[in-house]
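The values are calculated or read from the model by the stated rules, or taken from the named source; none is laboratory data. Computed from a predicted structure; not experimentally measured. Here Cβ is always computed from backbone atoms with ideal geometry, including for glycine, and neighbour counts include all displayed protein chains. Note: accessible area is taken over every heavy atom of the protein model, side chains too, but ligands, DNA and RNA are not part of it. Shrake-Rupley method; radii C 1.70, N 1.55, O 1.52, S 1.80 Å.
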Amino acid sequence: MNARNDVQVSVLGLGAMGSALAGALVRGGCATTVWNRSPGKADELVAQSARVVADAGDAVRAGEVVIVCLLDHASVREVLDPLAGELAGRSVVNVTTTSPEQSRELAAGAGIAYLDGGIMAVPHMIGEPGASILYSGSGDVFDQYKPLLDLFGDSAYFGTDAGLASLYDLALLAGMYVMFAGFLHGVAMVAPAGVKAGDFAARAAPWLSAMTGALEGFAKVIDGGDYTVAGQQSLHFSDLGDLLAATSEQGISTEVVDMVQRLIRRQIDAGHGEEGFARIIESIRQQPD
Ligand code: NDP
């Protein structure tokens, strides 16, 4: 397929992200129809050759592939449910953030070729290096429209389970949010010593980037199923007692570090203190009593 102009594509939703996606399509030469619940959000896109319609049904009828970028699952259902008949036989690419189960529910919609997407980017990154979108669901839709999807960023396909892209997306966000919380804990720790957040950030960014080099090693140990492999930092060595004491001395909350310490302690208390740090995944895998 040529991504330029032999495909009629429609975009439902012109919030910050939907507008960025529609902009990438228009700049990529796609014949693009756009719709948004509230009027007045399409002016820039129309100036770049997009066609705007006032009715979601008109947008669906205009597109052989319909990109959906609304607020959440409820808004997707609200817009798509009344259009089930119109959608039959068309391809839907839903990049709205939904839970894995919600994605699977949408994929089960009668007669729709459904591809679910998780956007690993913010709007200004769309169409730029560094943006990636994770997809799962219909392999036919992914293969057929990949040149068009590549206009948004790197397109990765995870198989026919429509919930897997969302699961991956949310799992990656888990890593991001906990890292951000750790960084902010560090900012709060040094602040009473008069260190500006900006100065701390300048140190933290290269440090945290360098530490991502450890992820592959953890993964190897976990996939190998042996936490005793030589060369790992032991759980005893990882005990965060000093870090917690320093945190308290600074008069700030210990919550962020407490969480990690609890995961470590559960494994040490179960007799695994000499094993590697990756073993705390066993604390995470089980709900605490
Ligand atoms: P915005 O809040 O900017 O836009 C929300 C869009 O949803 C608007 O077009 C809004 O229409 C529409 N909408 C909300 N409720 C309804 C409804 N009941 N019926 C019809 N339309 C509705 O959000 P974003 O564009 O930033 O995000 C869109 C999706 O992309 C979200 O699921 C988000 O999680 C995901 N995403 C966003 C990222 C970001 O950085 N922005 C990053 C990764 C994913 P109206 O203009 O009428 O209010």
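At a glance:
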quantity: Some residue of the stretch 125-138 being open to solvent by 40 Å² or more (accessible area, probe 1.4 Å) and polar (S, T, N, Q); calculated: no
quantity: Helices (runs of 4 or more DSSP H) wholly inside the stretch 96-209 containing at least 3 residues that are more than 16 Å from the ligand (Cβ to nearest atom) and touching a residue at least 60 places away in the same chain (Cβ under 8 Å); calculated: 139-149, 164-190
quantity: Options 158, 142: the member that is aromatic (Phe, Trp, Tyr), at pLDDT 95 or above and more than 30 Å from residue 209 (Cβ to Cβ); calculated: 142
quantity: Subset of the stretch 61-76 [within 13 Å of the ligand (Cβ to nearest atom) and either touching a strand residue (DSSP E or B) at 6+ places or on another chain (Cβ under 6 Å) or open to solvent by less than 10 Å² (accessible area, probe 1.4 Å) (or both)]; calculated: 67, 68, 76
quantity: Filtered residues of the stretch 80-95 (kept if part of a helix (DSSP H, G or I) and more than 16 Å from residue 14 (Cα to Cα)); calculated: 81, 82, 83, 84, 85, 86, 87
quantity: Flag if residue 34 is over 20 Å from the mean Cα position of the chain (by Cα), more than 9 Å from the ligand (Cβ to nearest atom), crowded, with 23+ Cβ neighbours inside 10 Å and over 22 Å from residue 138 (Cα atoms); calculated: yes
quantity: Within the stretch 186-240, considering residues that are aromatic (Phe, Trp, Tyr) and under 26 Å from the mean Cα position of the chain (by Cα), the one modelled with the highest pLDDT; calculated: 207
quantity: Any chance residue 16 is open to solvent by 70 Å² or more (accessible area, probe 1.4 Å), within 12 Å of the ligand (Cβ to nearest atom), in the same structural domain as residue 147 (by TED's automatic domain parsing) and modelled with pLDDT of 95 or more; calculated: yes
quantity: Any hit, the stretch 140-153, residues being among the polar types (S, T, N, Q), on the phi < 0 side of the Ramachandran plot and open to solvent by less than 50 Å² (accessible area, probe 1.4 Å); calculated: no
